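Peer 1: Dumping the structure here so I can ask a few things about it.
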Amino acid sequence: MKNPRFLADYGPILVLLLLCGFMSVVTYSEQSSNGTTAAEQVLASLAKQCGKSPRVLIAVGVQPGDADFAAKLERDLVASGATVLAVAQGEPRDAREALQSIAASGSTLDAICCTDVTQTWLVITDIKADFPSLGEPSVFTPQSFFWPNFLKSENLLNIANQVAVIAVIAIGMTIVIITGGIDLSVGSLVALSAVLTAAFIRDFAGGVQASFGGMLLACIAAIVLCGSIGAVSGTMITWFAIPPFIVTLAMMLIGSGLAYLLAMGQSIYQIPDSFVWLGRGADLIGLPNAVVLMLVLYALAHVLMARTTLGRYLYAVGGNTEAARLSGVPVKRVLLFAYIASALFAGLGGVIMASQLKSGSATYGTMYELYVIAAVVVGGTSLSGGEGRMLGTLTGVFTIAVIQNGMNLTNVESYTQKVVLGLVILGAVLFDKVRQRVTTFTSSG
Amino acid sequence: MSNCSPLLEMRGVVKSFPGVRALRGVSLRLQAGEVLALLGENGAGKSTLIKILGGAQRAEAGSIAINGREAAFHSPQESRRGGVAVIYQEFNLVPGLTAVENIFLGQELTRWGFVARKQERRLAADLFERLGVEIDLDAPCRQLSTAQQQLVEIAKALAFDARIIVMDEPSAALTSHEVDRLFEIIRDLKSRGVGVLYISHRLDEVFAIADRVTVLRDGCNTGEQIIEKITRNQIIGWMVGRELKDEFPQRQSKIGAPKLEVSGLRRGRAVRDVSFTVRCGEILALTGLVGAGRTETVRLIFGADQRQAGEIRIDGNVLSIRSPCDAISAGIGLLTEDRKLQGLALGHSIRDNFGLPNLTWLSRCGFVQLCRERDSLSNYVKKLQIKLQNQEQLAVHLSGGNQQKVVLAKWLARNCDVLLFDEPTRGIDVGAKYEIYLLLNELAAAGKALVMISSELPEVLGMADRIIVMHEGRVTGEIADARHATQEQIMALAHA
């Protein structure tokens, strides 16, 4: 009895952790340090080999961290009494010019501090042939070390950022699936919402000069409009008893068509730069704003489903609609809520996407409904309704993202990726079935 | 050979589920041309035993022999090939297919790979004629009445020449007239050498039809006797492990002012101009044949279906009930007849099920107060003696009687003034029935107005203060003094 329930609650998380472990192993490779730590390493080896006051050239590229590396090196070298003859930052051409001017000034060179990239430049490797007058400078580079590409913080943040839109939509989808329904319209609503947001900003908020308030209003208006589409779907489903699959399939077509009509088949980009704050900014504790928003929404949704009356009603409607109705649950209103919520979350997803890409286009969100449903299912929510947890969905979203990311890092081609994703979804459902069988076997009476 | 060995012999059958040893070495013999009644309280192991016989579950130990030959049933198909037909309480018919299609489902007659429809039709018609009934061969099964569906199941068993027919609670949904008809068919089957294993909670029927009785309790055989040599109380003793003195507890009724008044209730052909009154502290029995419109009537009162006409008053105030929500807030509760489909979300925990109608008072600002919910539930668990492992156990894992108690608990916690009970003791064992009777009496003593629908006349006579009989959607009679009514009196009104 205990064991299967444990599996149900923590199985998906366990799978995700195993997957992360696997990805770390396959992407384990040589890394070079950068930034100030790299500078310290170079300084140490320089001091050991070249004595007190060497004449140094610093050659760095344009990678992130290179500027820090160069600045720290220059400062500390000067402080220790060395002479920094030049700091070449940028292309190989810049390094060549710097070397030429040093050679022209007639001085010799004791050391060149390179990053792992610049040390492979021809101008550095062939220095003895090209500039014999400089003497025999030794090349210093930061030490390399081994670390999984997957576990690099940029990569992890990258996953989190990519996942934000899907994860936000998946909240609404989980609610709908728990009530025993399905919402196929979310992908189209993402596109519609992105187009609406961009169009509102362009047409009513002043385009590129839009103020914060104007942008906020545009976003809210787009989300509310998506919500009203959800209300229409919900009404069809509850009051006219049309199957959710059909209603939301129709809404998927309508939403997508409307998005193309509004955008007139083009991408709307007359948006101020500050609009990307939501999608690309990272103000709080180093996490991207979209990821913070996503985490907050998941926490709220978890509380809603686990602790409130409404959450209990959502589960009850999915578990046994008739029993719920006869227990006084306002079934229709509960279902209506589910579809409106799903549309609102899809609308919010569209806004985040528009912010990430700084434009609105009707091509956004294609196939998202399927990815989202897959994520919900992988997270352990049963498509027959009445079962499922928000945190499971979050795990499912990450599971799929981690698999995709791992395949990208190991250069698996995109066609193969599709096959693998399909297998993952099948595997997840199979896992769920086996678990259910174990549960019924171990505790039927 | 076949003369000396029994048609069916099960020996030392063992089956356990975690925490429960459902069968601990049960044995059973059935002779050809015999009706053996298999009795026992719910949870005694009857269902498990017949599921093993039907190939739906596998025994851990023990043997099954048919005509003295060892058989192992690993699937329903193998069991069927062995000549065993099990008619479960929930029928295995495809609602959208016709009677003929259902009869031959999985055993279609074919010619050149195509279904031989004419031949199937003719055979089906023969079977129904042999059973002495008329059934529309072309109507989808969902349009047939429960009794007709059961006949389709029997015909299905005969179509593949079953030698052993197991009937699980066949009379549960039948009217007494239909039960008589069923008995004639069983006697006919007997005369053809078919062995019938008959499972029922209704002892009257057992005495009417069975040749021999075998009783299970807690997964063991507790007694077996031919019917002529046994009394009712002996059987009950074997079932519950003690002798029940009275089937119905005694009660002093204190009847007060009218509580619920219903007048001119109407919906289609099912409910036609029904009016009655229930008073505080009164148990009103609503009886009649199945299909008389009793369930439909209480569903209209509860707002589960929309009424076309009629007025509902509580304490003299007219209520506009349009949904179960309205009814519940007006203080009306309904225990549905089908607890699995309408009473419980089986895949959810006991606590979730219990809380569902009570969240309005168990929550604050939309948040469920889990502590209050747990406390309240554990009160009722104690009071109703619900046997559960913990509150998070799934409802599906409880026995029928305990499921019914959970449904009761959820309505008792709601503290309704008017309670509508639709077949409150259906499919529940004798011991649990008695507890539910006690509870009904207690509720009445507390001044609640109770309406009880029941098809079991002894229960109606034993429990009710007043009886209303319905027939074809109309009230055909009222018996004000239930204590002195007779079954014949009720049946006369029910057939009016």
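The values are calculated or read from the model by the stated rules, or taken from the named source; none is laboratory data. Since we're looking at a predicted model, the values are computed, not measured. Here the Cβ is made from the backbone with ideal geometry for all residues, glycine too, and neighbour counts use every protein chain on show. Heads up: the accessible areas ignore ligands, DNA and RNA and are worked out on the full protein's heavy atoms, side chains in. Shrake-Rupley method; radii C 1.70, N 1.55, O 1.52, S 1.80 Å.
Peer 1: Pull up the cross-link candidates among the lysines for A:Lys72, meaning alpha carbon to alpha carbon under 30 Å and not fewer than 8 places away within one chain.
Peer 2: Within reach: A:Lys48, A:Lys52, A:Lys128, A:Lys152.
Peer 1: Give the average, rounded to an integer, of partner chain Cβ atoms located within 10 angstrom of each Cβ in B:322-329.
Peer 2: Going residue by residue through B:322-329 and averaging, the value is 4.
Peer 1: Now for a different question. By accessible area of protein heavy atoms, probe 1.4 Å, what ranking do A:Trp239, B:Trp361 get, highest first?
Peer 2: Listed by decreasing accessible area, they come as A:Trp239, B:Trp361.
Peer 1: What is the range A:231-358 by shape, rounded, prolate or oblate, if you read a ≥ b ≥ c off the alpha carbon gyration tensor as root eigenvalues and call it rounded for a/c under 1.5, prolate for a/b larger than b/c, and oblate otherwise?
Peer 2: oblate
Peer 1: How far, in degrees from 0 to 90, does helix A:331-357 lean away from the longest principal axis of the Cα atoms of chain A, to the nearest 10?
Peer 2: Roughly 20 degrees between the two axes.
Peer 1: Could you tell me, in Å, what Rg and Dmax come out for the Cα atoms of the range B:8-240?
Peer 2: 17.8, 59
Peer 1: Can you tell me the FRET efficiency between B:Thr277 and B:Glu247 if r is taken as the Cβ-Cβ distance and R0 is 30 Å, rounded to the nearest 0.05?
Peer 2: Taking R0 as 30 Å, the efficiency between B:Thr277 and B:Glu247 is 0.60.
Peer 1: As a test of the definition: with a 1.4 Å probe, what buried accessible area, both sides summed, do you compute for B against A, in Å² to the nearest 100?
Peer 2: Approximately 2600 Å², summed over both chains.
Peer 1: May I ask what percent, to the nearest 5, of DSSP beta bridges between residues of chain B are antiparallel?
Peer 2: In chain B, DSSP labels about 55 percent of beta bridges as antiparallel.
Peer 1: What relative contact order, as a whole-number percentage, does chain B give when Cα pairs under 8 Å and 6 or more residues apart are counted?
Peer 2: Dividing the mean separation by the residue count of chain B yields 15 percent.
Peer 1: Taking a threshold of 22 Å on the Cα-Cα distance, which of the pairs B:Lys156/B:Lys433; B:Lys259/B:Lys405; B:Lys340/B:Lys410 fall above it?
Peer 2: In this structure, B:Lys156/B:Lys433; B:Lys259/B:Lys405 lie more than 22 Å apart at Cα.
Peer 1: Taking Cα centroids, how far is the range A:316-344 from the range A:70-128 in Å?
Peer 2: 70
Peer 1: Is the shape of the protein assembly as shown rounded, prolate or oblate, going by the alpha carbon gyration tensor and its root eigenvalues a ≥ b ≥ c, with a/c under 1.5 for rounded and a/b larger than b/c for prolate?
Peer 2: In terms of gyration-tensor shape, prolate.
Peer 1: Related question: Going by average Cβ density within 10 Å per residue, which order do the peptides A:326-335, B:481-490 take, highest to lowest?
Peer 2: A:326-335, B:481-490
Peer 1: A follow-up question, please. Sort B:48-59, A:345-356, B:255-266, A:123-134 by the packing proxy (mean of other Cβ within 10 Å over each peptide's residues), most packed first.
Peer 2: The peptides rank, most packed first, as A:345-356, B:48-59, B:255-266, A:123-134.
Peer 1: Separate question: Gain in length, A:Ala299 to A:Phe431, computed as 0.36 nm per residue apart minus the alpha-carbon separation, to one decimal in nm?
Peer 2: Extending this stretch completely gives an extra 44.9 nm.
Peer 1: In whole Å, how far is the Cα centre of the range A:18-64 from that of the range B:466-496?
Peer 2: For the range A:18-64 versus the range B:466-496, the Cα centre distance is 96 Å.
Peer 1: Over the range B:258-494, what is the percentage of antiparallel beta bridges among all DSSP beta bridges, to the nearest 5?
Peer 2: Of those bridges, close to 55 percent are antiparallel.
Peer 1: Can you give me the long-range amide H partners of B:Gly447? Hydrogens built in the peptide plane at 1.01 Å from N, cutoff under 5 Å, separation of 5 or more residues or another chain.
Peer 2: Long-range HN contacts for B:Gly447: B:Gly281.
Peer 1: Within the range A:97-113, list the residues whose amide N lies under 15 Å from a label point set 7 Å along Cα→Cβ of A:Glu136.
Peer 2: A:109-112
Peer 1: May I pose another question? Between the range B:358-436 and the range A:129-178, what's the alpha-carbon centroid distance in Å?
Peer 2: Between the Cα centres of the range B:358-436 and the range A:129-178 lies a distance of 55 Å.
Peer 1: Gain in length, A:Thr366 to A:Leu17, computed as 0.36 nm per residue apart minus the alpha-carbon separation, to one decimal in nm?
Peer 2: Working it through step by step, the gained length comes to 122.8 nm.
Peer 1: Ok, one more. From the phi of every residue in the range B:386-391, what ³J(HN,Hα) in whole Hz does the Karplus formula 6.51 cos²θ - 1.76 cosθ + 1.60 yield, where θ is phi - 60° and glycine or proline is x?
Peer 2: Once θ is set to phi - 60°, the couplings for the range B:386-391 become 6, 8, 9, 6, 7, 5 Hz.
Peer 1: Please report the antiparallel percentage of DSSP beta bridges with both residues in the protein assembly as shown, rounded to the nearest 5.
Peer 2: 55
Peer 1: Which cross-chain or sequence-distant (5 or more) residues have an amide H under 5 Å from the amide H of B:Gly25, H modelled 1.01 Å from N in plane?
Peer 2: The list, which skips near neighbours in sequence, is B:Val13, B:Val14, B:Lys15.
Peer 1: Here is a follow-up. Sorted by average packing, counted as other Cβ atoms within 10 angstrom per residue and highest first, what order do B:82-95, A:21-34 take?
Peer 2: Ranking the peptides B:82-95, A:21-34 by packing returns B:82-95, A:21-34.
Peer 1: Per residue of B:365-373, how many C-beta atoms from partner chains lie within 10 Å of its own C-beta, taken as a mean?
Peer 2: 3
Peer 1: Taking H as built 1.01 Å from N, whose amide H comes closer than 5 Å to the amide H of A:Tyr28, not counting residues under 5 places away?
Peer 2: Hits under the 5 Å cutoff: A:Asn149.
Peer 1: With every protein chain kept in place and ligands, DNA and RNA left out, what is the accessible area per residue of the range B:8-240? Probe 1.4 Å, answer in Å².
Peer 2: Result: 45 Å² per residue.
Peer 1: Quantify how strongly other chains surround peptide B:342-350 by giving the mean number of their Cβ atoms within 10 Å of each of its Cβ atoms.
Peer 2: 6
Peer 1: Tell me, what HN-Hα J-couplings in whole Hz come from the Karplus equation 6.51 cos²θ - 1.76 cosθ + 1.60 at θ = phi - 60° for each residue of the range A:235-244, using x for Gly and Pro?
Peer 2: 4, 4, 6, 8, 7, 10, 6, 8, x, x
Peer 1: Using the Karplus curve 6.51 cos²θ - 1.76 cosθ + 1.60 with θ = phi - 60°, what ³J(HN,Hα) values do you get for each residue of the range B:296-310, in whole Hz, with x for Gly and Pro?
Peer 2: With coefficients 6.51, -1.76 and 1.60, one gets 4, 4, 5, 5, 5, 4, 7, x, 5, 10, 7, 8, 8, 7, x Hz.
Peer 1: Something else about it: Relative to the longest principal axis of chain B, what angle (0 to 90°, nearest 10) does the C-alpha long axis of helix B:176-191 take?
Peer 2: Rounded to the nearest ten degrees, it is 10.
Peer 1: Taking Rh as the Kirkwood radius, which is the inverse of the mean 1/r over Cα pairs, what is the Rg/Rh value for chain A?
Peer 2: 1.12
Peer 1: Further, regarding this structure: Let me know the shape class of the range A:33-145, please: from the alpha-carbon gyration tensor, a ≥ b ≥ c as square roots of the eigenvalues, rounded when a/c is under 1.5, otherwise prolate if a/b is greater than b/c, or oblate.
Peer 2: It is oblate, given that a/c is not under 1.5 and a/b is not larger than b/c.
Peer 1: Compute the helix-to-body angle for A:66-79: its Cα long axis versus the longest principal axis of chain A, expressed 0 to 90° and rounded to tens.
Peer 2: Rounded to the nearest ten degrees, it is 40.
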